[in-house]
Amino acid sequence: MPPASFAQQIGSMGQPGLYARVLIPWRKSRLQGVLYNRSVEILRDLYHLVRDRGRLIKSVRYSSRAEKFRLTKAIQDLGPWFHNYELATGVWTNDSGFPGSEYPAWRWGFVSRLLPDVKGLACLDVGCSSGFFSLKLKELGAKDVLGVDGGEQTRAIEQCRFAAAQLNLPARFERMSIYDLKPLGQAFDVVLCLGVFYHLRHPLLALENLRAVCKRDLIFQTVTTRHSATAAVEMPAEAVQNLTVQSEVLLDPRFPELKFIEHSLGQDMSCWFVPNVEGVYAMLRSAGFTVEEVMFPSEYDILIRCRV
């Protein structure tokens, strides 16, 4: 079921369910006038908030049956898609496959709270996959958006270009590794790097490449070892200086670390390292970033806004 379905249930004022059970009785009671009108406004705002997370505004338009059939066939031909989003009203890219119909809608709900105003800015989406986040940046007014992906999904860039053309959102997409960013010769105001880090054999090299093309904000997400979903309790700076292999601090669970994945992670053979939260902070600092804001979407996940 597409992400919009919940929003349709709570937000369509023409549907009898919620309207008949809640708003009509309110209107007939003493809670009318300002209170009633404000209630409608709140419900509509909630509807738009939930709806917009899983779709791009330009997809919300009438589509003929023939156009929906054409789009559905094209989506199937380009599949499988990793991102599920709407290319025309009621036509979704991946509403029944992995990782689920709610992705990336729920991820966007977190990212959007850390994202600065991108109007007029140059933005880079590293590991763009099927293109949802890149297209969202363009829809929000970014002047230039480049989405790059190293090719783990063989048809990701084709999917991105197809969706961009369908939605008339002129973002650029290139098949490119995170290790090849420096030759771009361009600096970006905002860089997204979501769901990439734990797939990298050379994580510090990758972070240095991000730093080379980022001139302001980095929005960074990775899985982590289990944490308490609160700000990390980092080691005092003096405790991690002048270390030797005998230093007891190396065994402290607060010490920055990466767990090496020799075989697979969740049956995914493309994963190499899982950091603890302290390790994420330390590695970002070592690459020239300052941690500004942190969110914990789950106890195995961290989302960070950094500044150069």
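The values are calculated or read from the model by the stated rules, or taken from the named source; none is laboratory data. None of these values were measured; they are calculated from a predicted model. We place every Cβ from the backbone using ideal geometry, glycine too, and count neighbours over all the protein chains shown.
Of all residues in segment 123-142, at least one satisfies being exposed (fewer than 15 other Cβ atoms within 10 Å of the Cβ) and of a type outside the set (S, T, N, Q).
The residues of segment 249-279 that are touching a residue at least 60 places away in the same chain (Cβ under 8 Å) and touching a strand residue (DSSP E or B) at 6+ places or on another chain (Cβ under 6 Å), listed by number, are 271, 273, 274, 275.
Do the conditions hold for residue 117, that is, is it at pLDDT 90 or above, assigned by TED's automatic domain parsing to the domain that holds residue 191 and of a type in the set (D, E, K, R)? For residue 117, the condition - at pLDDT 90 or above, assigned by TED's automatic domain parsing to the domain that holds residue 191 and of a type in the set (D, E, K, R) - is met.
In the set (1) within 27 Å of residue 190 (Cα to Cα); (2) exposed (fewer than 13 other Cβ atoms within 10 Å of the Cβ); (3) of a type in the set (Val, Ile, Thr), the condition left unmet by residue 280 is number (2). For residue 256, all conditions in the list (1) in contact with a helix residue (DSSP H, G or I) (Cβ under 9 Å, 6 or more places away or on another chain); (2) under 30 Å from residue 145 (Cβ atoms) hold save one; what is the number of the exception? Of everything listed in (1) in contact with a helix residue (DSSP H, G or I) (Cβ under 9 Å, 6 or more places away or on another chain); (2) under 30 Å from residue 145 (Cβ atoms), residue 256 misses just condition (2). The listed residues are 216, 211, and the only one of them that is surrounded by fewer than 22 Cβ atoms within 10 Å (Cβ to Cβ), within 19 Å of the chain's Cα centre (by Cα) and not in a loop (DSSP other than H, G, I, E, B) turns out to be 216.
Between 160, 193, the distinction of being assigned to a helix (DSSP H, G or I), under 17 Å from the mean Cα position of the chain (by Cα) and modelled with pLDDT of 95 or more belongs to 160 only. Could you list all residues from segment 219-234 that are crowded, with 16+ Cβ neighbours inside 10 Å and modelled with pLDDT under 75? Selection gives 232 alone.
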